[in-house]
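The structure under discussion appears below in the form of structure tokens.
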Amino acid sequence: MQPSNDLFTTENPIITVKDLIKQHAEYLQQQFNPQKHVLKLLHQKADFMDKLLTIIWNNFMGDYGLKFSLIAVGGYGRRELFPYSDIDILILLDYTEEQRYQEQLSEFNNFLWDIGLKLGLSVRTLKECRQVAIDDQTVMTSLLEIRLITGHQRLFEKLKQHRVFNELMPSDTFFAAKIEEQQQRYFKANQTAFNLEPDIKEGPGGLRDLQTIGWVFKYHYKSETLRELIKYDFMPESEYQELLEARNVLWQIRYALHLLTGRCENRLLFDYQCTLAVQFGFTTKTLNKNIEEFMLFYFKIVVGVERLSEMLLQLFSERFICPKGDCKAIIINHSFVAINGYLEAQSTSVFKRQPLLLLSIILLLQQNPALKGIRATTIRLIRKNLSLIDDGFRKNKRANQLFIEILQQPHGITHQLKRMNRYGILAAYLPSFANIVSRMQYDLVHVYTVDVHTLFVIGNLRRFALKSYQEELPFCYDIFQLIAKPEVLYLAGLFHDIAKGMGGDHSKLGENIAFEFCKQHQLSNHDSELISWLVRHHLLMSMTAQRKDISDPDIIYEFASQINTIERLNCLYLLTVADIRATSPNLWSSWKDSLLKQLYNASLKALHRNLQNPDSISKRLKENKKQVIEVLLEHGLSASVIENSWSHTNDSYFLGYTIDEIVWHTQAIAGCDEVDLPLVLLRSQNQRGSAEVFVYAKNEAMVFSISTSSLDHLGLTILDARIISTDDEYVLNSFQVIEQSGDPITDERQKKRICQSLRNNLLKKQVRVQENIYRQSRQAKYFPINNSVAFHIDPLNRHTIIELITTDSAGLLSEIGQVFISQEIQLHDAKITTIGSRAEDIFYVTDLQGKLLAETQQSKLRMALLEQLIEDKK
């Protein structure tokens, strides 16, 4: 199975070598055991590749093979070849007369590509290596890990002598470059390793962090092994072993990923998390629980790597600034000094003597913004003494005061809470928080673990308070200025998801946990009740805005009655925006922003009236018509033309649309005749970030179904639908749409195409069958959503309300519309809500006579809808 010198005596060397590579890969795969270290397998593949490349090199390079050096670099240089790793090699030349050896090099290179190697190849002289390394620190990094495969030994030794170019790039400069590189990687991962599909190589706490530690250390100390970290007093033996064990586990996971995917895949994709959980021994519980425990196992590993990386890089920085270890200690207080800007305990027993310093040290950082953090040796002390945070500590009134003071500081709240989470202080002080640390939320909405999401929520709330972020969300900034005690909001954010994973309604359970915390920390009754209420109702505003008709005065009155005070409204609005924006980078949109503002402003108006004398429908109808007529007259339309344009409207139309929308519709309707119907209009809604598609047509059975199907086939996402059916058989329907990418529709040609296509389909009464642009996300199939159809009572007895929950799919609304037709159901309004892959749609319906659906009709309709939804999932 090993390469031999007679490879090129066969009839077809390319096929022979390919077969040999395949056989060796199959052998290594058979040897792989996910629960055993893979270092031997990594070395075996590297050694196999060494032998193979040596034979190929000698065959094609002839005498030149002895004059030049074939060198392994990067992971190959470290003898760390995973199943689908790149083969990075450097051909080192002694001179640059390319014409003398160009043909041989070209044949060598072509053969490597022909046999299917994933090659990273560079050809340089010593002088060129030196210059490129000066220009590009990534090249300099790769030269730290070089290994001669075959060829000129002395030429290779010359490169080794030149490879650490300290005189050209000092250690502190190289260190700064690697830190910047790390920061860029962290930014791409949204500053957290706790994603649903984390990257085990490039993400925070991943293999690249371990490599960065090695590169910086090797560059400065010219060391060949990380064990010398102990020699230079950077870490004790126990931490070194922790570092090695973390590396080994990450290697095992990466090796398994390569084999499962058949490619160089470093992301823990949903597609493979189940199989990986089984391979790594998590098989005793339900499918999701097994995955959850496997991911928890993984996250604990990367948390450890992050912490070790933080400590080591901090100590490296200190050594570069004070190479002789003589950084001056500045006394901060009787317990701590500052060394190079980092807090250091003056005694190893400081926390044992005064356990409350485990919280005081955080407050000290906030009160001294010039401090950069906590020194590595003191981080170790904190970790070692976490057991001191016991029940007695948690009930200590001074400890309680310190925790509240941390949330009351003008600076560093989010940063220090993240630090407390990273060091384990937060979970030790709040056992209920320990329950959510590293806990995944298995849906396509929450892309972070619960603890990271929670801290993002608090971070968002803090941004609302800062003038430097005012332009980001000015409305939130203005409202935040009305908050008397910001710490109340931060505590609501801290506890809003605290009961996730406990079973039952996490909002209700969280309310109880929050209230007990408030009482223990001696918050006032008012603040305790406000925090508990916010935790209990943190989803109320989002659900109302996205799932109910907030243009309906009765809905606003009902919502405002639940809120009851302007203080609650302000707090709930800010918490809702912070929560949505912390759930996923892609979940917040101009559409949601507009809905929440609309609900806030309408509710504020109702509360200012003390919930007395809500707008009557007749009064609102009269005022709306009056305002529209005034605007239209100003635009030059006569009263008779206006009246004629409204001949096929009804009261619901004037209540369901805004003044601006009715003006736009009327101007278009006034310019067309009956023969011009259906009328299809489109305009951008810049404030909402969506476009409105308006359809004015005869009320024929397929209008809703054809409209939604047409928009779907055009690759659009329907955010909202308003359906107005008049007594004389006309419809005035409106759809708020965006591109399925989430972007607004800005291309004028696209707008024109949408109108033409929709109008043509309505005229033909069918949609041309074609492949839909929509693609269900890869992850959606791993989060099956149970179909649900529920009927609710309309308080005003105007409609039967249908709540439908299912997996979002192409043509879903069109198929629902067809069911309504077959069941002789009249659709009057719809609220379309899609959260990740979950569709939660509300339909307001009657029978064809405008009556509420009887129980037998509801039962029959439910069965028809469920049958259609089951068919969609096949």
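The values are calculated or read from the model by the stated rules, or taken from the named source; none is laboratory data. The model shown is predicted, which means the values in this text are computed figures rather than measured ones. FYI the Cβ positions are ideal-geometry reconstructions off the backbone, even for glycines, and counts take in every protein chain you see. The area values use the complete protein model at the heavy-atom level, side chains included, leaving out ligands, DNA and RNA. Shrake-Rupley method; radii C 1.70, N 1.55, O 1.52, S 1.80 Å.
Counting protein heavy atoms only, the chain has 49 percent of its accessible area on carbon and sulfur, 1.4 angstrom probe.
Once the C-beta distance of Asp271 and Arg383 is scaled by a Förster radius of 41 Å, the resulting FRET efficiency is 0.70 to the nearest 0.05.
Between His415 and Asp651, the modelled label-to-label distance comes to 6.0 nm, taking each label 7 Å out from Cα in the direction of the beta carbon. Applying 1/(1 + (r/R0)^6) with r as the Cβ-Cβ distance of Phe475 and Lys222 and R0 = 60 angstrom yields a FRET efficiency of 0.60. Fully extending the segment from Val132 to Ser640, taken as 0.36 nm per residue of separation minus the present Cα-Cα distance, adds 174.9 nm. No disulfide-compatible partner, judged by a Cβ distance under 4.7 Å, exists for the following cysteines of the chain: Cys129, Cys264, Cys274, Cys476, Cys518, Cys571, Cys672, Cys755.
Region 196-215 and region 534-575 have Cα centres separated by 42 Å. Look at the alpha carbon pairs under 8 Å that are at least 6 residues apart: their mean separation over the length of the chain gives a relative contact order of 7 percent. Could you tell me what percent of the DSSP beta bridges with both partners in the chain are antiparallel, to the nearest 5? Antiparallel bridges make up about 90 percent of those DSSP assigns within the chain.
With the whole protein complex present, Cys327 retains an accessible surface near 30 Å², based on a 1.4 Å probe.
For region 411-428, backbone phi angles converted through the Karplus equation (6.51, -1.76, 1.60; θ = phi - 60°) give residue-by-residue couplings of 9, x, 5, 5, 4, 6, 5, 5, 4, 4, 5, 5, 8, x, 5, 5, 5, 6 Hz, Gly and Pro being listed as x. Peptides 197-203, 448-454 ranked from most to least packed, by the mean per-residue count of other Cβ atoms within 10 Å: 448-454, 197-203.
The shape of region 788-841 comes out oblate: with a ≥ b ≥ c from the C-alpha gyration tensor, a/c is at least 1.5 while a/b does not beat b/c.
Of the residues Phe316, Asn190, Leu473, the one whose Cα sits farthest toward the positive end of the charge dipole of the chain, with +1 on the Cβ of Lys and Arg and -1 on the Cβ of Asp and Glu, is Phe316. Extension gain for the segment His43 to Ala176, taken as residue separation times 0.36 nm less the Cα-Cα distance, is 44.7 nm to one decimal.
Treating r as the C-beta distance of Ile805 and Arg862 and R0 as 22 Å, the FRET efficiency rounds to 0.95. Rounded to the nearest 10 degrees, the angle from helix 207-221 to the longest Cα principal axis of the chain is 40 degrees. Each residue, Asn333 and Thr348, gets one label point 7 Å from its Cα in the Cβ direction; the gap between the two is 2.4 nm. Counting only protein heavy atoms and a 1.4 Å probe, the chain has 45 square angstrom of accessible area per residue. Legend: translational diffusion of region 347-484 by Stokes-Einstein, Rh = Kirkwood radius over C-alpha pairs, 25 °C, 0.890 mPa s; D = 149 µm²/s.
Compared with the direct C-alpha span, the chain from Cys264 to Leu287 gains 5.7 nm at full extension, assuming 0.36 nm per residue. Placing unit charges on each Cβ (+1 for Lys and Arg, -1 for Asp and Glu) gives the chain a dipole about its Cα centre, and among Tyr101, Ala545, Gly116 the Cα reaching farthest toward its positive end belongs to Tyr101.
Which of rounded, prolate, oblate describes region 33-185, given a ≥ b ≥ c as roots of the alpha-carbon gyration tensor eigenvalues and a/c under 1.5 marking rounded, otherwise prolate only if a/b is larger than b/c? Since a/c reaches 1.5 but b/c is at least a/b, the shape of region 33-185 is classed as oblate. Where in region 290-345 are there trypsin sites (Lys or Arg not before Pro) that are in a DSSP coil and have at most 10 other Cβ atoms within 10 angstrom of their Cβ? Filter output for region 290-345: Lys324, Lys328. Using the empirical formula 2.2 N^0.38 Å as the baseline, the Cα radius of gyration of region 822-874 reaches a ratio of 1.27.
Summarising the label geometry, the points placed 7 Å from Cα in the beta-carbon direction at Met502 and Asp728 lie 6.0 nm from one another. Only the Cβ atoms of Lys and Arg (+1) and of Asp and Glu (-1) were treated as charged; on that basis the dipole of the chain about its Cα centre amounts to roughly 2880 debye. Between the Cα long axis of helix 506-520 and the first principal axis of the chain there is an angle of about 70°, rounded to the nearest 10. What does the C-alpha gyration tensor say about the overall shape of region 406-553? Classify as rounded when a/c is under 1.5, otherwise prolate if a/b is larger than b/c, or oblate. Rounded shape, in that the Cα axes give a/c under 1.5. Using C-alpha pairs below 8 Å separated by at least 6 residues, the relative contact order for region 670-753 is 30 percent. Labels on offer are [x] 2, 10, 17, 19, 17, 14, 11, 7, 3, 0; [y] 2, 10, 17, 22, 21, 15, 8, 3, 1, 0, 0; [z] 2, 9, 12, 13, 14, 14, 12, 9, 7, 5, 3, 1, 0, 0, and the one holding P(r) over Cα pairs in 10 Å bins from 0, in percent computed from this structure is [x]. For region 6-140, the antiparallel share of DSSP beta bridges with both residues in that region comes to about 35%.
Note on region 69-206: with charges restricted to the Cβ of Lys and Arg (+1) and Asp and Glu (-1), its dipole about the Cα centre is near 400 debye.
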